[in-house]
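Engineer: Attaching a single structure in structure tokens format; questions to follow.
The values are calculated or read from the model by the stated rules, or taken from the named source; none is laboratory data. The shown structure was predicted, so the numbers you read here are calculated from the model rather than taken from an experiment. Here the Cβ positions follow ideal geometry from the backbone for every residue, glycine too, while neighbour counts run over all protein chains shown.
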Amino acid sequence: MNIRLSDFIKTLNKLRKTKNLSSIKKQITGVKTKIALRNLGNENGAAIRGDILVSELEQILKSQTQQRALYYINRLHKSLKQTKTNPINDLNLSRWKEYDNIITDSLWLFDKRDSTGTHLGWYWGNFVPQIPHQLISRFTKRGDWILDPFCGSGTTLIECKKLGRNGIGVELNSRVAKKARQLISKEQNPYKVSTKIVTGDSHNPQFATRNYQLPTTNFQLAILHPPYHDIIKFSKNRSDLSNAKNTDGFLSMLGKVVDNVSKVLEKGRHLALVIGDKYHKREWIPLGFYSMNEILKRGYTLKSIIVKNFEETRGKRGQKELWRYRALSGGFYIFKHEYIFIFQKKNH
Ligand SMILES: C[S@@+](CC[C@H](N)C(=O)[O-])C[C@H]1O[C@@H](n2cnc3c(N)ncnc32)[C@H](O)[C@@H]1O
């Protein structure tokens, strides 16, 4: 049987008037035992995490003075009664301790990809679903619109469906777009959001015009996962960023995509760039930082540089020893990380 949130709040209210520390502790111990055994549900059926509440109660029990205990009780009471929201996401900061799944460190280490639902990981060059999951949870609300101009297999759009956000992807390769559409349509849609993949070129000046049939021109988040220049050749199409002649050509094409995205991204909202570096003729090319600079020229504030671990691509997995030998003999390092740069569009 659930303990109702309203009953728990009533108990806390009574405790706030209790004058004696040992009596407070006795009552808290009683409540703690009940919570440890049962879930705490509110009237709408939403659950409050019991383990978090128990740790709050334990803190009260450790209080040396009545004043301290009352301070913790009042704080807990307030956090359960008040909802503290902000304009860019649905996190209730009064209950921030419950969001331990949301990463706030700048180092993201994932030991395996999320393979729930239709996340099959079939596309060479995809990203792990945890990346869009983190970004969407942190920077959007239910019903917001998310743009992914390098949609690939549609990882972002699958996460949109799971998290109740609308998502638009643009993908140059029509075969990839078709397969992605099929998979996305198989993903459940509990929040009845809209997702669409447009087959098109994100660096085309016509982007954001009628030709591209974007269902909205007002996005709240953009997630960009371009080719890491020519590390993987995605197609033979000249508009494909993986076919840029050199690093400058790549940066110029990426800049055009960012210009297009900026036309449809709401002011004050976030743009995330997921990218890695590359070697060219035994020289480390800091593609990530060059790309970061390209975006900073375009009216954005840098909010974070996240380093994410990177497992061997399928091609390299079988050649681990060979790569290690090459690294030792050639005096270089094997890539084990990529970047997630987070920018905020300036308000003016
Ligand atoms: C690194 S992959 C993105 C993978 C994606 N995040 C996923 O999880 O499947 C980059 C994608 O950008 C596409 N692409 C390259 N140039 C493009 C352009 N000019 N416009 C749109 N898509 C492009 C490629 O075909 C490729 O699918």
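Engineer: Could you please let me know if Tyr123 is buried (at least 16 other Cβ atoms within 10 Å of the Cβ) and in a helix (DSSP H, G or I)? Working first, answer last.
Structural biologist: Values: buried (at least 16 other Cβ atoms within 10 Å of the Cβ): yes; in a helix (DSSP H, G or I): no.
No, not satisfied.
Engineer: Enumerate the pairs (first residue in the stretch 225-247 and more than 10 Å from the ligand (Cβ to nearest atom); second residue anywhere and in a loop (DSSP other than H, G, I, E, B) and of a type outside the set (D, E, K, R)) with beta-carbon separation below 7 Å, excluding pairs fewer than 6 apart on the same chain, so at least 6 apart or on different chains.
Structural biologist: His229/Ala244; Thr247/His229
Engineer: Inspect the stretch 146-162 for any residue being under 17 Å from Tyr99 (Cβ atoms), in the same structural domain as Ser194 (by TED's automatic domain parsing) and part of a loop (DSSP other than H, G, I, E, B) and give the result as yes or no.
Structural biologist: Taking every residue of the stretch 146-162 in turn, none turns out to be under 17 Å from Tyr99 (Cβ atoms), in the same structural domain as Ser194 (by TED's automatic domain parsing) and part of a loop (DSSP other than H, G, I, E, B).
Engineer: Can you tell me which residue in the stretch 204-225 is farthest from the chain's Cα centre (by Cα), limited to those that are part of a loop (DSSP other than H, G, I, E, B) and buried (at least 22 other Cβ atoms within 10 Å of the Cβ)? Before the answer, list the steps.
Structural biologist: Quick first cut of the stretch 204-225, residues part of a loop (DSSP other than H, G, I, E, B) only: 204-209, 213-218, 225.
Filter once more, so that each one left must be buried (at least 22 other Cβ atoms within 10 Å of the Cβ): 207, 225.
Values: Phe207: 25, His225: 13 Å.
Only one residue fits best here, namely Phe207.
Engineer: Let me ask another. Of (1) under 23 Å from Ile305 (Cα atoms); (2) surrounded by fewer than 16 Cβ atoms within 10 Å (Cβ to Cβ), Ser115 satisfies all except one. Which?
Structural biologist: (1)
Engineer: Please go through the stretch 1-34 and give me each residue that is at pLDDT 75 or above and of a type in the set (Val, Ile, Thr), ordered by number. Give the derivation first.
Structural biologist: First, pick out the residues of the stretch 1-34 that are at pLDDT 75 or above: 4-34.
Correct list: Ile9, Thr11, Thr18, Ile24, Ile28, Thr29, Val31, Thr33.
Engineer: Out of Ile52, Ile88, I need the residue that is closer than 30 Å to Val307 by Cα, outside the structural domain of Arg138 (by TED's automatic domain parsing) and modelled with pLDDT under 90. Which one?
Structural biologist: Details: Ile88 fails: modelled with pLDDT under 90.
Only one candidate qualifies: Ile52.
Engineer: Could you please find all residues in the stretch 85-109 being over 30 Å from Leu57 (Cβ atoms) and either buried (at least 16 other Cβ atoms within 10 Å of the Cβ) or touching a His at 6+ places or on another chain (Cβ under 7 Å) (or both)? Break it down stepwise before answering.
Structural biologist: Residues of the stretch 85-109 that are over 30 Å from Leu57 (Cβ atoms), as a first pass: 87-88, 106-109.
Across the stretch 85-109, the qualifying residues are Ile88, Trp108.
Engineer: Sticking with this one: Here is a list: Gly143, Gly152. Which entry is free of Cβ contacts under 8 Å to residues at least 60 places away in the same chain and not polar (S, T, N, Q)? It would help to see each step written out before you state the result.
Structural biologist: Values: Gly152 fails: free of Cβ contacts under 8 Å to residues at least 60 places away in the same chain.
Among Gly143, Gly152, only Gly143 is free of Cβ contacts under 8 Å to residues at least 60 places away in the same chain and not polar (S, T, N, Q).
Engineer: Same structure, new question: Of the residues that make up the stretch 128-138, is at least one touching a Lys or Arg at 6+ places or on another chain (Cβ under 7 Å), closer than 30 Å to Leu107 by Cα and in a strand (DSSP E or B)?
Structural biologist: no
Engineer: Sticking with this structure for a sec: From the list Leu296, Leu273, exactly one residue is within 13 Å of the ligand (Cβ to nearest atom) and either farther than 20 Å from Ile231 by Cα or under 24 Å from the mean Cα position of the chain (by Cα) (or both). Which is it? Walk me through it before giving the result.
Structural biologist: Details: Leu296 fails: within 13 Å of the ligand (Cβ to nearest atom).
Selected residue: Leu273, the only one of Leu296, Leu273 that is within 13 Å of the ligand (Cβ to nearest atom) and either farther than 20 Å from Ile231 by Cα or under 24 Å from the mean Cα position of the chain (by Cα) (or both).
Engineer: Now a separate question. Can you find a residue that is within 10 Å of the ligand (Cβ to nearest atom), surrounded by fewer than 24 Cβ atoms within 10 Å (Cβ to Cβ) and of a type in the set (Asp, Glu) anywhere in the stretch 139-148?
Structural biologist: Applying the first criterion (within 10 Å of the ligand (Cβ to nearest atom)) to the stretch 139-148 yields 148.
Next cut, surrounded by fewer than 24 Cβ atoms within 10 Å (Cβ to Cβ) only: none.
Scanning the stretch 139-148 turns up no residue that is within 10 Å of the ligand (Cβ to nearest atom), surrounded by fewer than 24 Cβ atoms within 10 Å (Cβ to Cβ) and of a type in the set (Asp, Glu).
Engineer: Out of (1) more than 9 Å from the ligand (Cβ to nearest atom); (2) modelled with pLDDT under 95, the odd one out for Tyr123 is which?
Structural biologist: (1)
Engineer: Turning to a different aspect of this structure: Taking into account only those residues within the stretch 43-59 that are of a type in the set (Gly, Ala, Ser) and not in a loop (DSSP other than H, G, I, E, B), which is nearest to Lys17 (Cα to Cα)? Break it down stepwise before answering.
Structural biologist: First, pick out the residues of the stretch 43-59 that are of a type in the set (Gly, Ala, Ser): 45-47, 50, 55.
After this cut, where a residue has to be not in a loop (DSSP other than H, G, I, E, B) as well, the list is 47, 50, 55.
Working: Ala47: 27, Gly50: 24, Ser55: 22 Å.
Filtering first and then ranking leaves Ser55.
Engineer: While we're here: Among the residues of the stretch 60-110, write down those that are without any contact (Cβ under 8 Å) to a residue 40 or more places away in the chain, under 29 Å from Gln130 (Cα atoms) and part of a helix (DSSP H, G or I).
Structural biologist: Ser79, Leu93, Ser94, Trp96
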